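Single-structure report; data block below.
Where a number appears in this text, it was derived from the coordinates with a stated rule and is not lab data. Since this is a predicted model, take the numbers as computed values, not measurements. Because the Cβ atoms are built from the backbone with ideal geometry, glycine has one as well, and the counts that use them run over all protein chains shown.
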Amino acid sequence: MIGWAFRQLVIWGGLGLLVYAFVGNRELLMPRDDGQAVAAVSAPAAQPNPNPALSNSLTYHADQRGHVVLEGAVNGATVRFLVDTGATFVALTVADAAAAGIGRGSLNFNATMNTANGKAHAALVKLREVRIGQLSINDVNGVVQENLPYSLLGMSFLKRVDSWEMRDGILTLNWQ
């Protein structure tokens, strides 16, 4: 009788762990619109929470993995960004660049970028406007990078605000 109960506990416990692992990592299996797997950015986009004390302030909360994912716009086209303070530039996927009016035919992928995943080819671009909430910055240096799974909001944007801070899973942007 104890052997049967123990076996049932192991079977149902194992099944429970499999379901938990699958549900907890389902974003790895969900296809993106462009057919690529989504890694860490499938959580709902962070919503800006304007700080009432400062009219020129935005706050975004990190997801359960510690990533800040937000909706923005490049040249008027909606782009979903992963905030990456380790990225030198705003980096766009080829698809996001096309939506922003930057056609592949006008790109020269002659720059080599050192990324967390190794070297990658990129095309240097000047972005007419990058908008996050009510914050708009013109003439932002950027890159369009081949094989990039999602667009990155990097330092070429962040260094143009008066201050930014990431503390306790909350990104705060301030500007004049």
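Odds and ends about this structure:
- Taking the number of Cβ atoms within 10 Å of each Cβ as an exposure proxy, the fewest-first ranking of Met113, Met1 is Met1, Met113.
- Cut-off 11 Å between beta-carbons: net charge of the residues surrounding Ala97, Lys and Arg +1, Asp and Glu -1: -1
- Per-residue 3J(HN,Hα) values for region 133-147, derived from phi via the Karplus relation 6.51 cos²θ - 1.76 cosθ + 1.60 with θ = phi - 60°, read x, 8, 8, 10, 10, 9, 6, 9, 5, x, 9, 10, 10, 5, 6 Hz in sequence order (x marks Gly and Pro).
- Exposure proxy ranking for Trp164, Trp4, based on other Cβ atoms within 10 angstrom of each Cβ and starting from the fewest, stands as Trp4, Trp164.
- Radius 12 Å from Cβ of Asn75, net charge of other residues (Lys, Arg +1; Asp, Glu -1): 0
- Tensor-based shape of region 57-174 (alpha-carbon gyration tensor, a/c under 1.5 rounded, otherwise prolate or oblate): prolate
- Between Ala111 and Arg167, the simple label model (points 7 Å from Cα in the Cβ direction) yields a spacing of 3.2 nm.
- Relative contact order (%) - region 57-174, alpha-carbon pairs under 8 angstrom, separation at least six: 35
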